[in-house]
Every structure is written in structure tokens, then in C-alpha cells.
1. Please sort through the DSSP H helices of the chain and keep those with an alpha-carbon extent of at least 27 Å along the long axis and a Kyte-Doolittle average not below -1.0.
2. Provide the packing ranking of 402-409, 72-79, i.e. peptides ordered by the mean count of other C-beta atoms within 10 Å per residue, highest first.
3. Over the heavy atoms of residue 279, what accessible area does a 1.4 Å probe trace out, to the nearest 10 Å²?
4. What accessible area, in Å² to the nearest ten, does a 1.4 Å probe give for residue 109?
5. Compute the signed sum of charges (Lys and Arg +1, Asp and Glu -1) over the other residues within less than 9 Å, Cβ to Cβ, of residue 283.
6. Of the listed peptides 163-170, 42-49, what is their order by residue-averaged count of other C-beta atoms within 10 Å, with the highest listed first?
7. How large is the dipole of the chain about the Cα centre if only Lys and Arg carry +1 and Asp and Glu carry -1, each at its Cβ, rounded to the nearest 20 debye?
8. By how many nm would the segment from residue 277 to residue 322 lengthen if fully extended, with 0.36 nm per residue of separation less the alpha-carbon distance?
Amino acid sequence: MAKKEEAISLIDTFSEFKELKNIDRTTMVSVLEESFRSVIAKMFGTDENYDVIVNPDKGDFEIWRNREVVADEDLEDPNLEITLTEAQKIDSSYEVGEEVTDEVHFADFGRRAILNLRQTLASKILELEKDSIYNKYIDRVGTIVNAEVYQIWKKEILLLDDEGNELLLPKTEQIPTDFYRKGETARAVVARVDNRNNNPKIILSRTSPVFLERLFEMEVPEINDGLIAIKRIARIPGERAKIAVESYDDRVDPVGACVGVKGSRIHGIVRELRNENIDVINYTSNTSLFIQRALSPAKISSIRLNEEEHKAEVFLKPEEVSLAIGKGGLNIKLASMLTEYTIDVFRELDDTAMDEDIYLGEFKDEIDEWVIDAIKSIGLDTAKSVLNAPRDMLIEKADLEEETIDEVLGILKSEFEE
């Protein structure tokens with residue numbers, strides 16, 4: 001009797017699991033049937049002559065075995081056959097060739113069968129749980145989730161959703177200034193679901209441009225309503241971002257709607273992104289105008305496009321160059337990311353100072369040839385083209401040391417001062 005109660009308790013255990021993991025009734029019945037059949041097949045070599053009936057409402061189950069009546073001396077497999085003598089003990093009217101169906105108590109199969117059933121159930125439940133998590137989150141890729149910080153490690157943070165599912169926020173997907181304590185709530189976008197060896201891992205991100213896009217959708221009703229579209233986003237997480245928006249209604253100012261009255265809408269997004277500065281600009285399909293807007297707050301004088309190579313040469317007044325490049329080169333880098341054009345900025349030459357230019361090759365006696373070649377490789381082959389290019393750009397693009405660039409600039413300047 002104790003064994004039977006132990007077997008029945010398996011149903012209760014599974015019922016509890018069902019409540020926790022939201023496994024539907026049909027699936028639960030199916031898993032239980034499969035588990036019983038799996039154990040029976042292991043014991044007898046087949047489960048085809050068994051009927052398993054699970055009743056989740058009552059929390060019980062029945063197992064019925066079907067066997068063919070054979071003459072006493074012809075019995076070969078007691079699992080598939082029953083002797084006439086034994087059959088007639090059940091009902092005296094049975095004859096050879098008929099089928100006998102009798103109830104089998106699973107506990108009578110022994111403790112090993114019960115243990116096998118537990119293990120089979122546990123394995124199937126774990127598989128179901130993984131499938132359930134995968135199916136839930138594969139449909140939520142690109143959506144924002146709120147989860148509780150459960151464990152903080154060096155390379156990632158483990159979070160738990162409302163159902164206790166584990167989510168991972170890698171260090172590489174965190175904003176550099178992010179700081180969390182256990183028990184706090186973190187907000188992030190579902191970046192992807194890895195499923196190697198049927199072991200789903202839900203990866204979150206706070207650095208993805210999609211995260212910024214979803215935050216705007218939450219804060220700006222006009223985007224949600226389809227009146228405003230987010231066309232492009234460029235981000236350097238925790239530092240600065242540029243977002244290009246377009247209105248489908250002439251009455252709606254897309255930039256004003258995204259920023260809100262006195263910045264009311266954008267402030268919440270900036271706080272969520274750890275004070276990441278966000279520039280909102282009007283999108284346009286006119287490439288020159290788009291690049292001009294992307295370089296804001298700098299005002300450009302003229303622009304030269306190479307559409308085949310997606311390159312743009314932008315000319316500005318000397319006082320506008322530093323604005324175009326931005327602190328640490330962030331502004332020009334983001335403008336390039338947003339417009340998908342490589343942007344080079346140049347100081348506009350003053351007509352009154354237009355002396356005759358000199359090719360860099362003329363300076364071989366004073367500047368190492370490999371340095372000249374490095375500068376030429378970025379498209380600058382005259383002294384004035386180098387002097388008119390921003391110092392930061394020369395250092396980054398020519399991949400030269402600051403001291404080397406400063407030495408070159410000094411030599412070139414002295415030439416024109418003489």
C-alpha cells in the first residue's frame with residue numbers, strides 16, 4: 001500500500017510543478033502517460049498492450065493490461081498472454097483466443113520501477129521547462145523586460161523574471177556606468193536566445209540601439225501610434241546617442257514630440273541610460289542635408305560627397321571644427337554611424353592666406369618617408385591639406401603618435417611662416 005501511495009504522490013508532485021511552470025493540462029497528461037509507458041517498455045520490452053489513463057482532476061491514474069488467453073501449456077510471455085486457468089479465475093466465461101483486460105497497480109512493479117518513473121518524469125519535466133522558456137523568450141526578442149537582480153558576477157549579472165526564469169545580462173551588454181545591487185530591478189531588452197544542446201540562455205542588453213528605440217516607443221505616444229517613425233539610431237552607450245526621426249503627419253514636429261515640453265519625455269530615457277546625451281534630429285533622404293544635421297551642433301560651410309564609396313568631405317570654419325568632432329571625437333563618430341558615411345572634416349581656407357601649396361614629398365629631408373606615406377594613405381598629399389585637417393583626425397586615421405603629428409604640423413607651419 002505504501003508503494004502505491006508513493007507512486008500516486010508523483011501525480012501530486014507533478015501537479016505542483018504544473019502550477020509553478022504554467023504547463024497546460026493536456027501536456028501534463030501526455031507527459032505522465034509517456035513516463036509510465038517508458039518505464040513499462042523498459043521492464044517488459046513493450047508497452048503496446050497497456051492502456052494508461054491519467055485523471056488530473058482526481059490526481060490519480062489507472063494502468064490496464066491487455067493479454068490474450070492461451071492454453072495453459074502454450075504460455076510463452078506472461079506479459080502478453082494469460083493462461084486459460086488464470087483467465088477463468090477472473091471470469092469463468094473466457095475462452096482461448098479472447099482478450100483479457102485487467103488493472104495493474106504500478107506500485108506492484110517494485111521500488112525500482114517507481115524510481116525509474118521519478119527519474120523519467122524529472123527528465124521530461126526539465127525538458128518541458130527548457131522548451132517553455134525558449135518558446136516564451138524567442139517571441140520576446142527585441143522587447144523590454146524588467147527583472148530582479150539575483151546574482152552579480154564579474155562578467156555578467158543573473159536576473160530572475162516574475163516566474164523565476166533565469167536571464168543573463170553580460171558585462172559587454174551593460175552601460176559602463178551601470179551599477180546594481182542584489183534585489184534591485186533592472187530594465188533591458190531581450191537581445192537573443194541561445195539554445196545550445198537544448199539549454200536555453202536568455203541574453204539581455206542595455207547597450208543595444210533597440211533598447212533605446214523601445215524606450216522612445218514607451219515614452220512617445222506618437223511613435224506608438226505610427227505618426228512618427230524612428231529611422232536610424234547610433235549609440236556609444238553611456239556617452240552619447242543620435243536618433244533620426246520622421247513624421248508622417250505635417251502637424252506633428254517629430255523632434256519636439258520626442259523631446260517633450262522642457263525635455264519631459266527625453267529626461268526619463270536619459271536617466272535610464274545613465275545620463276547618456278541624446279541628440280534627436282529630423283531624418284531626410286537628402287544625404288548632404290542628413291550629414292549636415294547629423295554633425296549638429298556644428299554648422300558646415302560646404303560638403304563634397306563620394307556616394308560610391310560612402311565618403312563625405314565636410315568643410316567648416318575653424319571655430320566650427322571642434323564642435324563637429326566633439327569631445328573625444330564622439331560627435332563625428334556618431335554622425336558617421338548614423339549616416340553610414342565616412343566623414344572627414346576640414347578647415348575652410350581663408351582666401352587671403354591662399355599661398356602656393358606644397359606636396360608632402362618636398363619635405364623628405366625633414367620628415368621620415370614612412371610618416372609621409374602614412375599621411376598620404378588617408379588622402380592628404382599636400383602641406384595645406386594636412387594643416388587644414390583636424391589634429392585628432394590625423395592621429396586616429398593615420399595611426400601615428402601624437403608627438404609625430406605635432407612634429408609634422410610644426411615643420412609644415414614653419415614653411416608657410418617663412
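1. Working: long enough: 2-21 (28 Å, -0.48); 25-44 (29 Å, 0.42); 111-138 (40 Å, -0.38).
Long hydrophobic helices here: 2-21, 25-44, 111-138.
2. Numbers: 402-409: 16.0, 72-79: 10.9.
The packing order, highest mean first, is 402-409, 72-79.
3. Here the accessible area works out near 40 Å².
4. The accessible area of residue 109 comes to roughly 40 Å².
5. Details: positive: 231, 232, 293; negative: 246.
Neighbour charge sum, excluding residue 283 itself: +2.
6. Working: 163-170: 16.4, 42-49: 14.8.
Descending mean neighbour count gives 163-170, 42-49.
7. Using only the charged Cβ atoms, the result is roughly 1660 debye.
8. Numbers: separation 45, 0.36 × 45 = 16.20 nm, distance 1.76 nm.
Computed gain between residue 277 and residue 322 is 14.4 nm.
The values are calculated or read from the model by the stated rules, or taken from the named source; none is laboratory data. Keep in mind the model is a prediction, meaning the values are calculated, not measured. So basically every Cβ, Gly included, is an ideal-geometry build from the backbone, and we count neighbours across all protein chains shown. For accessibility, only protein heavy atoms count, side chains too; no ligands or nucleic acids. Shrake-Rupley method; radii C 1.70, N 1.55, O 1.52, S 1.80 Å.
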